[in-house]
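The values are calculated or read from the model by the stated rules, or taken from the named source; none is laboratory data. As the structure is a computational prediction, the values presented were derived from the model and not from experiment. Cβ placement follows ideal geometry from the backbone for every residue including glycine, while neighbour counts extend to all protein chains displayed.
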Amino acid sequence: MNWEDGRNGDPRAFSRASPAIILSKNQSEYEVVKIGTPDWGHAVAIVADNDGGGDAVFAGFTGVGLQAFRYNADGWQDVKDEYPAEAIWDENWNIVSQGSSTWSTEFKYQDGYIVAVDTTADGSAQGLALWRRTNDVWEKVDQYLIPVEFYVDSISWQGSTGQYAVYRVDDDLVADYTPETMCFFDDKFDDSGHRTFAALFASQVHKTGRLITEGETYSDDEFNARQDVKIFQIQDDEIVELNNPFDRCNDLLFTNFLDCRDINNDGYADFTRHVFSRTFGYVVARERGGTPTVHINDRTGRLIDYENDQGFEMPGHSLLLNAGHGQGYTRDVNGDGIEDIVVYGETTRNEFNSYDGSIEVYTGSYDFSLQSQED
């Protein structure tokens, strides 16, 4: 479904787009198939079925509920009844069916498991849930939930009043701790044999560093936004958080997309974030022209900041180095087995310079290796 932020469309039908599946036709052609009921959201995954194919599964925010489709000789089949139901509501926000899953924000699949954003029915805790498929039935087998410690009154930049939910995370008190997205590591993370995934959590912390105090009132401009990255493993059907796998990780940078895969061909999965290069909204401006952040696995499950390890900065888009926006990722673009850097703008609207909407690719001449791993 559409990634474009259309949640404020009025009427709500304007915020919706048809779920779409891209099918390859030959080596150079693709076909876009629109299917199902229009919805708004970006929780989408391909889930393997028992016949060697994959189900296209969608979940969104407009009350449509979970949608799942499988292709066979008779065409596309609706298989949503093989999955836990999402809540369904009407145009007046009246609940039609409560459902048993809360996958609409995000869910990811790997090897018979789904990790999804989860919350309690009363909103007293939120986090992640682990679902396992056994004998074609999906069952919630574990949860990683952070409870609300207390609420504080808040004043928005518009002057309206409300409340922040405050959570205790790693001995710190943060406001509005919200799970955003996840990714499974495609290759092994360490030698434990456990499936491993990363998750992003958005929150707000007080600008002065002091603890948020129950009973006080806070305004929006007293907080800095933060995006935590946590690494988990599935051990005996339980979600287990790994203790501090990063040597350093800037949690004041933000991204929508992650890569959890081996980018240097050593057999161990690495971790990259398509972080935004921004000035607006950042505590410290990142004027890097869309350069991603890269963390290389040291083959023991420690994720090492590549630029810090090497002592140099990777390139960014030449027209975006002081433009206040940009993002990028690594990919082997020219097929030589070495990852390249792809950078581009967040928007073609740019009051700072003459960005032309172009994409720049910096081809790599060697693998992303740590100094300790270099011959």
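Some points to look at:
- Counting the residues of the stretch 52-75 that are closer than 13 Å to Gly36 by Cβ and in contact with a Lys or Arg (Cβ under 7 Å, 6 or more places away or on another chain) gives 5.
- Answer from Arg226, Arg168 - the residue that is among the basic types (Lys, Arg) and free of Cβ contacts under 8 Å to residues at least 24 places away in the same chain: Arg168
- Condition check for Leu242 on (1) buried (at least 21 other Cβ atoms within 10 Å of the Cβ); (2) at pLDDT 95 or above; (3) among the hydrophobic types (A, V, I, L, M, F, W, C): one failure, at (1).
- Residue satisfying all of: in the stretch 262-277; charged (D, E, K, R) and in contact (Cβ under 8 Å) with a residue 60 or more places away in the chain; nearest to Ala323 (Cα to Cα) among these: Asp270
- Members of the stretch 111-161 that are touching a strand residue (DSSP E or B) at 6+ places or on another chain (Cβ under 8 Å) and small (Gly, Ala, Ser): Gly112, Ala116, Gly123, Ser124, Ala125, Gly127, Ala129, Ser154, Ser156
- Subset of the stretch 61-92 (residues that are under 21 Å from Gly112 (Cα atoms) and of a type in the set (Gly, Ala, Ser)): Ala68, Ala85
- Candidates Asp305, Asp236 - the one that is closer than 24 Å to Gly345 by Cα and not small (Gly, Ala, Ser): Asp305
- Residues in the stretch 282-305 that are outside any strand (DSSP E or B), within 21 Å of the chain's Cα centre (by Cα) and within 22 Å of Lys230 (Cβ to Cβ): Tyr282, Arg286, Pro292, Gly301, Arg302.
- Within the stretch 150-186, being in contact with a Lys or Arg (Cβ under 8 Å, 6 or more places away or on another chain) and exposed (fewer than 15 other Cβ atoms within 10 Å of the Cβ) holds for one residue alone: Asp186.
- Strands (runs of 3 or more DSSP E) enclosed by the stretch 40-127 - at least 3 residues per element that are crowded, with 22+ Cβ neighbours inside 10 Å and on the phi < 0 side of the Ramachandran plot: 54-59, 113-119
- Counted residues, the stretch 283-320 - those being free of Cβ contacts under 8 Å to residues at least 24 places away in the same chain and surrounded by 17 or more Cβ atoms within 10 Å (Cβ to Cβ): 0
- Subset of the stretch 221-248 (residues that are under 25 Å from Thr279 (Cα atoms) and of a type in the set (S, T, N, Q)): Asn224, Gln227
- Hey, Tyr355 more than 15 Å from Asn265 (Cα to Cα) and either modelled with pLDDT of 90 or more or among the small types (Gly, Ala, Ser) (or both) or not: no
- The stretch 242-281: number of residues that are over 14 Å from Asp305 (Cα atoms), among the polar types (S, T, N, Q) and under 18 Å from the mean Cα position of the chain (by Cα): 3
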